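Here the structure comes first, spelled out in structure tokens, and everything after it is commentary.
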Amino acid sequence: MTDLLYSEEEEALRAVVRDLLTDHCDAAGVIARTESDAPHDLSLWKSLAEGMGLAGLLVPEAQGGQGATHREVAVVLEELGRAVAPVPYLTSAVVATEALLECGAEDLLAELASGRRIGVLAVSLSVAPGAAHKAVRLENGTLHGELTGIADAAAADVLLVPGEDGGLYAVEAGAVTVVPQVSLDLTRPLARVVLDGAAGRRIGDAGPAVRRALRAGAGLLASEQLGVADWTLTETVRYLKERKQFNRPVGGFQALKHRLAQLWLEVVSLRAAARNAADALTTGDDTDVAVAVAQAYAASVAVHAAEEAVQLHGGIGMTWEHPAHLCLKRAKADSIAYGTAGAHREALAELVDLRAP
């Protein structure tokens, strides 16, 4: 039986990442960034990617990476989710990297693994693994078209753009126009990418690369959602132990105990599903099923945990200064990222041959 418990190495990695985020990614700083024109924390990204080598966890050592597995990446994403860190880790170190691994683009892989450059797959954040996605036209050797809902495009150095001819093209960010779009989650901004005669280098076939990238993104997104849910539950319990009404800790009221107990059960179940998805991505065993199960369950738990945090914190939970709204916005945005829970349930039904009548 697969061991889904965290290894000593994974716990050590968690401790290092959490310490870094505690020192350099406090809630007040994240909120201040969301109010600025530069929501991405590139200084933190540099510490994670170049200083700790986390951008290359999925890249083999022979290609300039760390040669780790999806299980280690899942631990990193849990911690980034807890902090709602405004860095393009999921989009660059996971999704774009997986696409490049499928294409065998070693030069770009080495650059992304080193953290010197940020890559983004130019597919809408809402597209589920295996679903249709928009592509651009290839005319006279240049790319033309418009792609919307591209997460972290504003921070990208290179965009991986699917073409209508079936190819995946590497396009320099300076060759396209990136127009910010209104996004609920200000820590993972969306943008519209306009290509008007942009030069691109074909690096492989778009079909298998996009499918692999989105599957890994959906599977490991569950770990980020776990981080959000776990932090909100922990903080809510801590607050209710301190907050008093009628000279008693609010957390001692039976009705609130029941709500927190139910939420704890949901978070524990999400941890099992997220760990199983990360392990399946590592081993290749029943990967599609594990990813669909994780995403069919993760969205509702993360949103529920964040909603409870806002409500049970009372008045302070409704303020802009408290980070609960960051978690709620991230959880809501993640609930439609890489496919909705409903889309994953439909995919799961097909995979296990239990279609609705």
Here the residues within the stretch 187-204 that are surrounded by 19 or more Cβ atoms within 10 Å (Cβ to Cβ) and farther than 25 Å from Ala337 by Cα are Ala198, Gly200, Ile203
Exception for Ala132 within (1) among the aliphatic types (A, V, I, L, M); (2) assigned to a loop (DSSP other than H, G, I, E, B); (3) within 30 Å of Thr22 (Cα to Cα); (4) over 19 Å from the mean Cα position of the chain (by Cα) falls at (3)
Would it be correct to say that Val87 is free of Cβ contacts under 8 Å to residues at least 60 places away in the same chain and crowded, with 18+ Cβ neighbours inside 10 Å?
yes
If you go through Ala32, Ala74, Ala99, Ala15, the only one that is open to solvent by less than 10 Å² (accessible area, probe 1.4 Å), more than 14 Å from Glu224 (Cβ to Cβ) and either of a type in the set (S, T, N, Q) or in a helix (DSSP H, G or I) (or both) is Ala99
- Query: Does the stretch 147-166 contain any residue that is at pLDDT 95 or above, surrounded by fewer than 21 Cβ atoms within 10 Å (Cβ to Cβ), acidic (Asp, Glu) and part of a strand (DSSP E or B)?
  - Reply: no
Open to solvent by 10 Å² or more (accessible area, probe 1.4 Å) and over 25 Å from Ala296 (Cβ atoms), is that true of Glu111?
yes
Across the stretch 260-270, the tally of residues that are open to solvent by 70 Å² or more (accessible area, probe 1.4 Å) and either under 22 Å from the mean Cα position of the chain (by Cα) or within 13 Å of Thr232 (Cβ to Cβ) (or both) stands at 1
Filter the stretch 196-255 for residues that are aliphatic (A, V, I, L, M) and not in a helix (DSSP H, G or I); the one that is nearest to Thr177 (Cα to Cα) is Ala198
In the stretch 5-58, anything more than 16 Å from Arg188 (Cβ to Cβ) and of a type in the set (Ser, Thr, Tyr) is listed as Tyr6, Ser7, Thr22, Ser43, Ser47
- Task: Please indicate, with yes or no, whether at least one residue in the stretch 250-257 is open to solvent by 10 Å² or more (accessible area, probe 1.4 Å), under 30 Å from Arg33 (Cβ atoms) and not β-branched (Val, Ile, Thr).
- Result: no
So is Arg211 over 27 Å from Ile336 (Cβ atoms), open to solvent by 10 Å² or more (accessible area, probe 1.4 Å) and not β-branched (Val, Ile, Thr) or not?
no
Just one listed residue, out of Val59, Val123, Val95, Val75, is aliphatic (A, V, I, L, M) and over 27 Å from Leu168 (Cα atoms), and it is Val75
message = Among the residues in the stretch 259-267, are any closer than 20 Å to Ala74 by Cβ, at pLDDT 95 or above and assigned to a helix (DSSP H, G or I)?
response = yes
Scanning the stretch 18-29 residue by residue, those assigned to a helix (DSSP H, G or I) and more than 12 Å from Glu79 (Cα to Cα) turn out to be Asp23, His24, Ala27, Ala28, Gly29
Quick check, is Val123 within 30 Å of Gly342 (Cβ to Cβ) and open to solvent by 20 Å² or more (accessible area, probe 1.4 Å)? no
Checklist entry - Got at least one residue in the stretch 330-346 being modelled with pLDDT under 95, surrounded by 19 or more Cβ atoms within 10 Å (Cβ to Cβ) and not in a helix (DSSP H, G or I)? => result no
Among residues of the stretch 33-48 being at pLDDT 95 or above and among the small types (Gly, Ala, Ser), the residue farthest from Ala324 (Cα to Cα) is Ser47
Within the stretch 35-71, the residues that are assigned to a helix (DSSP H, G or I), in contact (Cβ under 8 Å) with a residue 24 or more places away in the chain and of a type in the set (A, V, I, L, M, F, W, C) are Leu42, Leu44, Trp45, Leu48, Ala49, Leu54, Ala55
Restricting attention to the stretch 77-91, the residues that are of a type in the set (Val, Ile, Thr) and in a helix (DSSP H, G or I) number exactly 1
How many residues of the stretch 48-67 are touching a helix residue (DSSP H, G or I) at 6+ places or on another chain (Cβ under 6 Å) and surrounded by fewer than 22 Cβ atoms within 10 Å (Cβ to Cβ)? The answer is 4
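The values are calculated or read from the model by the stated rules, or taken from the named source; none is laboratory data. Everything quoted here is computed from the prediction, not taken from an experiment. Glycine also receives a Cβ, built like all others from the backbone with ideal geometry; neighbour counts cover every protein chain displayed. Quick note on the areas: whole protein, heavy atoms, side chains included, nothing else; ligands and nucleic acids left out. Shrake-Rupley method; radii C 1.70, N 1.55, O 1.52, S 1.80 Å.
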